[in-house]
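Structure first, commentary second.
The values are calculated or read from the model by the stated rules, or taken from the named source; none is laboratory data. All of these numbers come straight from a predicted model, not from anything done at the bench. Heads up, the Cβs are rebuilt from the backbone with ideal geometry, glycines too, and the neighbour counts pull from every protein chain shown. In case anyone asks, the SASA skips ligands and DNA or RNA and just uses the protein heavy atoms, side chains included. Shrake-Rupley method; radii C 1.70, N 1.55, O 1.52, S 1.80 Å.
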Amino acid sequence: MSLAPRWIEPRSREWPERLDHLEQPPTGLWQLGSIGPTVPSVAIVGSRRATFGGMEIARSVGHDLGAAGVQVISGMALGIDAAAHVGALEAGGTTIAVLGCGIDVCYPARHADLRARIAASGAVITEEPAGTPPLKHNFPKRNRIIAALAHAVVVVEATERSGALSTARWAADLGREVLAVPGSIRARQSSGTNLLIRDGVRPFLSIADLFDAVEELRQAAPGGPATAASPGREGTLERFSPPLREILARMGTHPVHPDQVGIALGLSPSVVATRLGALELAGAVMSLPGGLVARTV
Amino acid sequence: MPVRVEVDIANGLPGFTIVGLTDRAIQEARERVKPAIRNAGFDFPSRRVTVNLAPAEMPKEGTGFDLAIAIAVLRAADPSLLLDGIAFLGELALDASVRPITGVLPMARCLAGAGIGIRRLIVPVENAGEAALADGLQVLEAPSLSACVAYLRGERPLVSAVRDASPAPADLEPDLAAVRGQGQAKRALEIAAAGGHNLLMTGPPGAGKTMLARTVPSLLPDLRYDAALEVAAIYSLRGTLRERPPTTLRPPFRSPHHSISRAGLVGGGTGLAQPGEISLAHRGVLFLDELCEFSRQHLEALRQPLEERAVTVARARAAVTYPADFMLVGASNPCPCGHLGDARGCSCEPRQLVAYQGRLSGPIKDRIDLVTSVPRQEYREIFGDAVEERSTAVRARVEAARARQNARPGIANGALTGREILAAARSTAQARRLLALSGERLHLSARAFFRVLRVARTIADLAGDDRVGEDAVAEALHYRIETTG
């Protein structure tokens with residue numbers, strides 16, 4: 001891992017050609033680590049203030065892409081961005097973080113550790129001069145780099161005003177494939193992604209949708225991706241006993257309170273708690289702060 | 001400890017001295033005793049009077065010695081007063097009537113058990129009912145100093161006190177059926193009550209956490225008579241027996257506000273430490289609403305009582321130990337704005353969340369066996385026609401589960417140590433496999449592991465099972481406290 005940030009320019013050997021698709025490509029980039037040669041890559045973006053369920057989706061999509069040898073690009077922000085990077089790193093994949101601040105500024109500060117791990121696996125890059133603080137107006141500019149570098153953009157959770165939607169717009173302008181993870185029509189955190197879908201963006205229901213849409217990915221992993229991120233295909237439920245399946249079948253990926261499950265199935269609270277405890281142990285359900293539970297298979 | 005009042009009357013300049021590590025109230029007794037003796041129609045010796053309160057090295061306080069001092073002074077001049085085996089409690093008014101004092105019940109029990117031959121106790125009329133609760137003493141009511149003296153001369157009897165009668169079972173406490181829905185929270189309350197586990201409820205404001213907490217005493221079995229007296233003794237010390245009749249067998253419920261002082265919570269104050277809220281909750285429920293709003297020092301101060309089930313309060317003059325064997329029920333919002341996991345959505349920054357939940361960490365979190373969420377209720381649940389279970393039905397199950405526990409080592413599951421719970425659990429092979437798996441998958445610490453096992457033991461007791469099975473462990477896992485945000 002190269003410890004010192006380096007400056008690369010459009011004529012450098014390491015310059016990612018895909019940035020030249022932009023009308024106004026950056027004049028150069030600071031990089032920590034190495035971008036490396038162009039490989040199939042997907043940007044995973046979304047809200048800073050994500051739900052725990054959304055972060056779990058970002059993490060697992062990042063993980064599956066990393067495992068399939070696809071580079072994961074994001075913005076190292078709190079919430080969805082960080083979860084996507086972490087997922088890719090967990091799978092041993094490469095990941096690139098594009099910053100909206102100077103290369104020597106760690107924003108958010110608590111991601112110092114994550115930043116080092118990203119730089120070791122891939123690169124942390126920015127077009128801003130050293131010492132630039134995280135200024136609000138630099139982030140949309142940063143988003144165009146994310147969109148340009150990626151072959152496709154997956155928006156996991158975004159409100160209508162989220163910066164992730166600007167990344168999606170840049171990507172659409174550049175002709176990159178955009179996919180959005182749908183959410184409940186009541187969920188504020190999914191209002192932006194649902195709008196994208198209404199406006200014609202392809203819904204992301206499983207990682208297979210991504211591979212169907214983007215040819216470069218199929219070339220990278222001809223065998224197709226592993227499907228840990230796919231939301232409940234009935235086949236994956238076979239391994240649970242019928243009482244546990246009954247509970248799972250009643251739970252969407254949207255978090256619910258155990259009492260709602262109990263009322264819907266006519267089960268006593270103690271029976272619901274017993275089954276949820278067993279499901280959590282099996283990794284099929286996660287409990288979220290605030291007492292809700294969500295399905296993870 | 002009983003105090004012996006000694007009097008010496010010597011020649012010399014007339015004077016009245018009281019010694020024996022006394023406080024201001026006892027020094028002022030001179031100015032009450034002297035007029036009271038005169039106004040009762042007796043003579044105060046115009047010689048040098050010295051009163052010693054023995055043992056002299058023990059600090060003493062309060063106005064309860066007035067009557068004994070006056071009687072001792074009179075006895076020094078009049079040997080016809082027969083004081084053998086009699087103890088006195090009470091404050092004197094200037095007109096020689098006897099006024100009530102605080103702490104009569106614990107003092108009466110102490111005198112009865114001291115083994116120094118005290119057979120009769122003379123107390124203010126107002127305190128007679130509580131004093132009579134102490135076994136092994138004849139309690140007599142003293143309306144005034146002159147009535148006392150007449151009795152001691154054998155001229156007139158005093159009224160024998162009768163025990164405060166047990167009040168009719170109070171139906172004031174809210175019944176569980178008054179809370180609609182909240183199935184999971186109610187189940188958690190039942191488990192907590194059955195095993196004496198400390199419980200935390202999280203939920204948005206207005207979801208009904210306080211209401212649920214108030215129903216907890218209605219789920220607990222009645223106190224045994226001696227336990228009820230223990231509780232009454234603490235209330236007597238605080239002079240608050242009026243708010244809790246001494247023979248009430250219902251477990252107490254205390255809910256101090258988070259602005260309470262540390263001394264108010266755990267005990268303290270000037271002079272001899274007074275019992276705090278945690279001792280007033282002895283053998284009952286201590287409900288801390290807005291648990292995260294209590295200061296770190298307050299929560300830290302709860303650590304010793306939660307472990308030792310008693311609290312030692314050291315003050316300049318003496319250290320006092322009060323019992324504090326309570327069940328802790330906490331309530332907190334899930335996050336600073338209160339809407340995490342709620343339909344309205346949470347508007348807190350992740351950083352705030354971490355900080356907020358961090359406030360609970362350490363001393364308290366380690367002592368909480370169960371966590372349950374209390375969601376905001378849907379209107380259709382509030383107005384639904386579902387029949388809610390009444391407290392008495394739940395209490396019957398709790399009592400059966402307690403009986404199973406008492407048949408084992410004799411303490412509630414919530415109080416078992418790691419080694420004790422391993423022995424008491426008698427977990428099945430499947431349950432052990434599940435526990436091992438949970439340690440690995442859910443990253444349970446040793447402490448968390450024992451908490452799960454304790455709760456599982458209670459769940460099995462509620463189900464009437466001798467051994468902790470797979471289902472009990474799975475259910476207990478569901479109520480475990482989250483170790484990560």
Is it true that A:Gly46 is under 30 Å from A:Gly291 (Cβ atoms) and surrounded by 22 or more Cβ atoms within 10 Å (Cβ to Cβ)?
yes
I'd like the full set of residues that are surrounded by fewer than 24 Cβ atoms within 10 Å (Cβ to Cβ), among the charged types (D, E, K, R) and either within 13 Å of another protein chain (Cβ to nearest Cβ) or touching a residue at least 24 places away in the same chain (Cβ under 8 Å) (or both), limited to the stretch B:428-464.
B:Arg433, B:Glu440, B:Arg441, B:Arg447
Does at least one position in the stretch A:216-228 carry a residue that is modelled with pLDDT of 75 or more and open to solvent by 90 Å² or more (accessible area, probe 1.4 Å)?
yes
Residue pairs qualifying under the 6 Å Cβ cut-off, at least six apart or on distinct chains, with the first in the stretch A:158-174 being in contact (Cβ under 8 Å) with a residue 12 or more places away in the chain and the second being in a loop (DSSP other than H, G, I, E, B) and open to solvent by less than 40 Å² (accessible area, probe 1.4 Å), are A:Ala158/A:Gly46; A:Ala158/A:Ser47; A:Ser162/A:Ser47; A:Ala164/A:Gly46; A:Ala164/A:Ala158; A:Leu165/A:Ala158
Residues that are open to solvent by 20 Å² or more (accessible area, probe 1.4 Å) and closer than 30 Å to A:Ile263 by Cβ: find the helices (runs of 4 or more DSSP H) completely inside the stretch B:104-214 holding 2 or more of those.
B:183-195, B:209-214
Considering A:Arg13, A:Arg59, A:Arg18, which residue is touching a residue at least 24 places away in the same chain (Cβ under 8 Å) and open to solvent by 50 Å² or more (accessible area, probe 1.4 Å)?
A:Arg59
Any residue in the stretch A:181-199 that is under 15 Å from the mean Cα position of the chain (by Cα) and open to solvent by 60 Å² or more (accessible area, probe 1.4 Å)?
no
Just to check your reading of the model, which residue among A:Gly36, A:Gly53 is modelled with pLDDT under 90 and within 14 Å of chain B (Cβ to nearest Cβ)?
A:Gly53
Of those in the stretch A:25-43 that are open to solvent by less than 10 Å² (accessible area, probe 1.4 Å) and out of contact with any Leu (no Cβ under 9 Å at 6 or more places or on another chain), the residue farthest from A:Gly102 (Cα to Cα) is A:Gly33
Considering only the stretch A:167-186, I want to know if a residue exists there that is within 14 Å of another protein chain (Cβ to nearest Cβ) and at pLDDT below 85.
yes
Residues located in the stretch A:241-282, provided they are within 24 Å of B:Leu353 (Cβ to Cβ), open to solvent by 30 Å² or more (accessible area, probe 1.4 Å) and within 8 Å of another protein chain (Cβ to nearest Cβ)
A:Pro255
Matching residues, the stretch B:465-485, being more than 9 Å from chain A (Cβ to nearest Cβ) and over 27 Å from B:Arg359 (Cα atoms)
B:Asp465, B:Asp466, B:Arg467, B:Val468, B:Gly469
For the stretch A:68-161, please list each of the helices (runs of 4 or more DSSP H) lying entirely inside it that holds at least 3 residues being open to solvent by less than 10 Å² (accessible area, probe 1.4 Å) and farther than 25 Å from A:Asp212 by Cα.
none
